[in-house]
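The values are calculated or read from the model by the stated rules, or taken from the named source; none is laboratory data. Since the model is a prediction, treat every value here as computed from it, not as a measurement. We place every Cβ from the backbone using ideal geometry, glycine too, and count neighbours over all the protein chains shown. The area values use the complete protein model at the heavy-atom level, side chains included, leaving out ligands, DNA and RNA. Shrake-Rupley method; radii C 1.70, N 1.55, O 1.52, S 1.80 Å.
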Amino acid sequence: MMPSSPDRAVTHPVKLENDLMLRALRGESVERVPVWMMRQAGRTLPEYREVRERAGGFKDLLFHPEWAAEVTVQPVDAYGVDAAILFSDILVVPEAMGLSYELVEKVGPRFGRTIRSASDLASLHPIDPHKDLDYVMSAIEHILGALHGRVPLIGFAGAPWTIFCYMVEGKGSKDWTLARRMLWEEPALADALLGQIAAATTAYLRAQIEAGVHVVQLFDSWAGSLSHSLYVTRILPHLHSILEGLGGRVPVTVFAKGGGHFLQDLMTLPCTALGLDWQTDRSMARSLAESAPGGPKVLQGNLDPSVLYAQPGIIRAETHRMLDEFGMTRTIANLGHGLYPDIPADHGRAFVEAVKSYPTNTRETTTTA
Ligand code: CP3
């Protein structure tokens, strides 16, 4: 299957002023590399903290489309990025399936219930995104109105393995022992749960696409907890099923953090782009991407977010080195994971500016670093 067949592509009513990211995703040559940052909306920005306070809490932000729209647009103004990403969370999907969660300050997500048995599984239900996640659809409508075509909007969801981890464990974990144990101890139950998550995710992303997002990204944040063979045999089929269900109507990026040891297998997915973490070797990834079975893939990434604690001259030099290694075609500049909450906003801007000044400013940069 081709990643995007033009006859089924979605048409958007408002023409984009800045379509750099979409052109890069089509493999066109671009005047400069597009840039955005994972977790660009959030605590690094004082204006985010202000709206969050006004809203009462993180979940209140999610449930109110006007506030979600406000914080989605903030990084476009504050950092000058080439794309906005929907302000929401990957955990809204398990919640829609029947497991509610709270975000506990300085602790992280906490689910009231977990899925460990067949009767737990039976308590889940298929989702109707227009009913169970209508607040997200309404946020997308508000965001598109607020952006008015300035930059494309990225929709997203968690990938099945990462959502499975939270549903089984009920909270964050270092190496997801309970989730990995279930894959071996209760393979049929695990597969049924992964299948239900994949079905819900497909329905959810289809609804986001109908609502008007231009690109979608699947976050497999805990991919790195699995071995190569387990990921390929037990997880990849569910990613295939989601991608097939989306039918190539918009470009899709798969970000499997820690998945460098099965990058070659990720290249077989019918997606447009792969997101890379900072441990992944750029030249190796590029050569795999150029010879991917379904045609060349776009690469997104992968500056170590901790580089953003360095002085701006160093941020610029490291960013330019990254772009030297990736090359300008089929590249979307990003970090190798989300922005850390205490990274100064000025340093985020230095990263974005470094991408925008490449390659014209490379000589000046190497001398100031
Ligand atoms: O700017 C953006 O990237 C868009 C919004 C976004 C959020 N979460 C908002 C958020 C996105 C894309 C996510 C994805 C997400 N959520 C992932 C995958 C990406 C990754 O980081 O690996 C995961 C694993 C989650 C689950 C989650 N949500 C955790 C573990 C936490 C607590 C830890 C933390 O970073 O605070 C959240 C909360 C969360 N999601 C916040 C934001 C802005 C912080 C909320 C706050 O304190 O205001």
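Which members of region 15-68 meet the condition of being on the phi > 0 side of the Ramachandran plot and under 22 Å from the mean Cα position of the chain (by Cα)? Selection gives GLY27, ARG39, GLY42. Counting only strands (runs of 3 or more DSSP E) that sit completely within region 77-178, those holding 2 or more residues that are open to solvent by 10 Å² or more (accessible area, probe 1.4 Å) correspond to 101-104, 108-111. Determine whether SER283 is more than 23 Å from PRO75 (Cβ to Cβ), free of Cβ contacts under 8 Å to residues at least 24 places away in the same chain and among the small types (Gly, Ala, Ser). When the stated conditions are applied, SER283 does not pass them.
Does ARG39 qualify as being outside any helix (DSSP H, G or I), more than 13 Å from the ligand (Cβ to nearest atom) and either more than 30 Å from VAL298 (Cα to Cα) or not aliphatic (A, V, I, L, M) (or both)? It is false that ARG39 is outside any helix (DSSP H, G or I), more than 13 Å from the ligand (Cβ to nearest atom) and either more than 30 Å from VAL298 (Cα to Cα) or not aliphatic (A, V, I, L, M) (or both).
For LEU183, the conditions (1) more than 15 Å from the ligand (Cβ to nearest atom); (2) open to solvent by 10 Å² or more (accessible area, probe 1.4 Å) are fulfilled apart from (2).
Give LEU61, LEU86 a once-over and let me know the one that is within 13 Å of the ligand (Cβ to nearest atom) and under 19 Å from ILE332 (Cβ atoms). Talk me through it step by step, then tell me what you get.
Numbers: LEU61 fails: under 19 Å from ILE332 (Cβ atoms).
Matching residue, one of LEU61, LEU86: LEU86.
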